[in-house]
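Below is one structure, written out as structure tokens; comments come after it.
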């Protein structure tokens, strides 16, 4: 079998989508499935990860060639808003475009049950839930980087942290205000700032953050972030799955999340702590207070690491093998 595994705009895409694509290609290599990253119909399956115009062009012609089309549903209108400049204005017209574009696939891969429920309102194309997964091998050796990264960013444990693009949707305001309420704790957001792409409110929150709230910018070796962090604060309001959360769990780090549908699979008090979906910053700070207890952090972190094993790439690879066999 040969797969055209295509990511449109690959040179420009960063963050979770790029990471997911890297994970998929690792899984293909594990399965010994030949693939090309170029868009081509000289393949048994055309698999696209962003349904941009070029991807749709190939998908429309695939039917005539008898080549099945698989598409990942990384993007929805629901999670597009409050991301970068102009994304709120684009979210509404994006929905009908995505419904049309996803409709050209023979099968859609959804990273979570929640995402599949959202996509059900877009199209009746058959869906399969396959997690983005977590690359445990990529995180190997992180512990050895702890002192280096604590020193590099002048952080004192326990460090409250987050990993990923600095965008409002992921709970930026809550993160900053929690840091303001707890000046005795260091907060660090590891990830690209891309200030030119930020909206005015996002820029204001970054610029007015208290001194104990550090925005590191791009981190070349992301293992250092998970090494330095002690509590993964992820107050996002909307998420398709959250690769950074899976990575934090794999690193044995306890997480504090909102009780939103994408995280329904997590058990409060077992692998994480949860606050209400619409909880204010006071509730978040109260939960953070509980997580200053090392014993609680150790217990939640150990449980999280065990739970993350189900998301290992080798475990998920067979799901892609089954999907490709089915569509072919």
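Just to be sure before I move on: is residue 276 touching a helix residue (DSSP H, G or I) at 6+ places or on another chain (Cβ under 8 Å), surrounded by fewer than 18 Cβ atoms within 10 Å (Cβ to Cβ) and within 25 Å of residue 169 (Cβ to Cβ) in the structure I sent? Here the answer is yes, as residue 276 does meet what is asked.
Only one entry in 245, 288 is touching a residue at least 12 places away in the same chain (Cβ under 8 Å), within 30 Å of residue 31 (Cα to Cα), assigned by TED's automatic domain parsing to the domain that holds residue 192 and assigned to a helix (DSSP H, G or I), namely 245.
Among the residues of segment 257-279, just one is in a loop (DSSP other than H, G, I, E, B), closer than 20 Å to residue 298 by Cα and touching a strand residue (DSSP E or B) at 6+ places or on another chain (Cβ under 6 Å), namely 266. Of the residues making up segment 308-327, those that are touching a helix residue (DSSP H, G or I) at 6+ places or on another chain (Cβ under 7 Å), part of a helix (DSSP H, G or I) and surrounded by fewer than 18 Cβ atoms within 10 Å (Cβ to Cβ) number 2. In summary, strands (runs of 3 or more DSSP E) completely within segment 122-201 and bearing 2 or more residues that are surrounded by fewer than 20 Cβ atoms within 10 Å (Cβ to Cβ) and not assigned by TED's automatic domain parsing to the domain that holds residue 282 occur at 127-129. On inspection, residue 23 does not qualify as exposed (fewer than 13 other Cβ atoms within 10 Å of the Cβ) and either under 24 Å from the mean Cα position of the chain (by Cα) or over 17 Å from residue 111 (Cβ atoms) (or both). Does at least one position in segment 69-92 carry a residue that is in a helix (DSSP H, G or I), crowded, with 16+ Cβ neighbours inside 10 Å and at pLDDT 95 or above? No: segment 69-92 contains no residue that is in a helix (DSSP H, G or I), crowded, with 16+ Cβ neighbours inside 10 Å and at pLDDT 95 or above.
The values are calculated or read from the model by the stated rules, or taken from the named source; none is laboratory data. Computed from a prediction, not measured in an experiment: that's the story for all the values here. For neighbour counting, all protein chains shown are included, and Cβ atoms are generated from backbone atoms with ideal geometry for every residue, glycine included.
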